[in-house]
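Each remark here refers to the structure printed beneath this line.
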Amino acid sequence: MLRPISLRHLIAHAPRSISSCRHLGTLVIAEHEGGSLSGTSLSSIEAASKLLCKDNNSLSLLLAGTGPSLQQAATNAASCHPSISQVLVADSDKFKHTLAEPWAKLIHLVQQKHEYSHIITASSSFGKNILPRAAALLDVSPITDVIEISEPRTFVRPIYAGNALCTIRYTGSNPCMLTIRSTSFPASASADSKPNAAPIHQVDLSSFGEEGSCRYVKQSSQESERPDLGSARVVITGGRALKSAENFKMVEKLAEKLGAAVGATRAAVDAGYVPNELQVGQTGKIVAPELYMAFGVSGAIQHIAGMRDSKVIVAVNKDADAPIFQVADYGLVGDLFEIIPELIEKLPEKK
């Protein structure tokens, strides 16, 4: 004999997944410079578009900063991808510099108003700096370095320096916060095909509150005409085998010939050959160029984790048993102090 079930009983015993069926959206935290979105942010949008479905059909973009460059970036972002539903703009001097404290408070403020199901940003220094603090304010656990989105709450990320892949199912409350590896979500060719620009809305900052304890001091960077390491089509990397900063200039000269970006192993960085922003690897930058050339790189597991997704890998090392040859498409066993000068001499100047 069936007994009646009250509505209160039904709600109390409803499966947790029902809450995910509400018409919620996805928020992408974007980085911009010079009036344009960064390449990593375009990859974040591409990743977020894979979450769109009948029950999650809106994609919002959050930009923050101040001045004309912010407004130009918002205008460009509104038509950069067909999946974008709206662009949210936070215009304030508090966001002039990408400090984690005000950005995290901004994300918390936007989430309280819009109740997104997912918040996504790139696994760059920008995203790694901001998302963990925002996740703490929202009392959720972020998932980092996602390389594949299997389902709205199921993701794949590398572990053990990329030697194994882990499938993770998120069972926490909204929002599900992710950082994605931009090399795994290249921007699609349809990025400029949106016929009508998405609406741009200003974020109400009246309740934002006072600034925190963090203060911007300065930013130092080296001016270079070479391509950015994170987005270059060709990367030339040198290792500790180059023995000195003076010798490392051979790698830089070869990079100029090929119009390539320069990378380095952690050992080369720790030895002071080049600044740490050129480090490729698990604790450096993750790259996936069309051509990756490694000179004097042994192939430590931490370095391989940062470049194994490269389309073509060429390794030059005098040790025939170096681990780098296990992942290389082409290898040359020889003295790099003879091979690099010969390449520089015989390669034509890049026009």
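Just need a number here: residues in region 106-127 that are under 15 Å from the mean Cα position of the chain (by Cα), open to solvent by 20 Å² or more (accessible area, probe 1.4 Å) and under 16 Å from Leu51 (Cβ atoms). Working first, answer last.
Our first condition is that a residue be under 15 Å from the mean Cα position of the chain (by Cα); within region 106-127, this holds for 119-127.
Checking which are open to solvent by 20 Å² or more (accessible area, probe 1.4 Å) leaves us with 123-125.
Of the ones still in play, those that are also under 16 Å from Leu51 (Cβ atoms) are none.
Result for region 106-127: 0.
A count restricted to region 88-135 and to residues that are in contact with a Gly (Cβ under 6 Å, 6 or more places away or on another chain) and more than 17 Å from Asn174 (Cβ to Cβ) stands at 2.
Can you say whether Ile147 is buried (at least 16 other Cβ atoms within 10 Å of the Cβ) and among the hydrophobic types (A, V, I, L, M, F, W, C), as far as the supplied structure shows? For Ile147, the condition - buried (at least 16 other Cβ atoms within 10 Å of the Cβ) and among the hydrophobic types (A, V, I, L, M, F, W, C) - is met.
Out of Ser17, Ser44, one residue alone is of a type in the set (S, T, N, Q), open to solvent by less than 30 Å² (accessible area, probe 1.4 Å) and either modelled with pLDDT of 90 or more or outside any loop (DSSP other than H, G, I, E, B) (or both). It is Ser44. Considering every residue within region 335-351, establish whether at least one is open to solvent by less than 30 Å² (accessible area, probe 1.4 Å), under 15 Å from Ile236 (Cβ atoms), free of Cβ contacts under 8 Å to residues at least 40 places away in the same chain and not in a loop (DSSP other than H, G, I, E, B). Scanning region 335-351 turns up no residue that is open to solvent by less than 30 Å² (accessible area, probe 1.4 Å), under 15 Å from Ile236 (Cβ atoms), free of Cβ contacts under 8 Å to residues at least 40 places away in the same chain and not in a loop (DSSP other than H, G, I, E, B). Looking across region 81-105 at every residue that is out of contact with any Cys (no Cβ under 9 Å at 6 or more places or on another chain) and in a helix (DSSP H, G or I), the one that is surrounded by the fewest Cβ atoms within 10 Å (Cβ to Cβ) is identified as Asp93. Taking each residue of region 295-313 that is farther than 19 Å from Glu252 by Cα and looking for partners that are assigned to a strand (DSSP E or B) with beta-carbon atoms closer than 6 Å, six or more apart or interchain, yields Gly306/Val280; Ser310/Tyr292; Val312/Leu291.
If only one of Leu205, Leu165 is open to solvent by 40 Å² or more (accessible area, probe 1.4 Å), assigned to a loop (DSSP other than H, G, I, E, B), touching an Asp or Glu at 6+ places or on another chain (Cβ under 9 Å) and modelled with pLDDT of 85 or more, which one is it? Reasoning before the result, please.
Details: Leu165 fails: assigned to a loop (DSSP other than H, G, I, E, B).
Every option except Leu205 fails the conditions.
Need the failing condition index for Thr75 against (1) open to solvent by 10 Å² or more (accessible area, probe 1.4 Å); (2) in contact with a Cys (Cβ under 9 Å, 6 or more places away or on another chain), just the number. Just one mismatch for Thr75, condition (2). Among the residues of region 113-159, the one identified as free of Cβ contacts under 8 Å to residues at least 40 places away in the same chain and of a type in the set (Phe, Trp, Tyr) is Phe155. The residues on offer are Ser49, Ser69, and the sole one that is of a type in the set (S, T, N, Q), farther than 17 Å from Glu151 by Cβ and modelled with pLDDT of 90 or more is Ser69.
Just to be sure I understand, how many residues within region 140-175 are acidic (Asp, Glu) and farther than 22 Å from Ile107 by Cα?
The total comes to 2.
The values are calculated or read from the model by the stated rules, or taken from the named source; none is laboratory data. All values derive from a computational prediction rather than experimental measurement. Counting neighbours? That spans all protein chains shown, and the Cβs are built from the backbone with ideal geometry, glycine included. Ligands, DNA and RNA are excluded from the accessible area calculation, which covers all protein heavy atoms including side chains. Shrake-Rupley method; radii C 1.70, N 1.55, O 1.52, S 1.80 Å.
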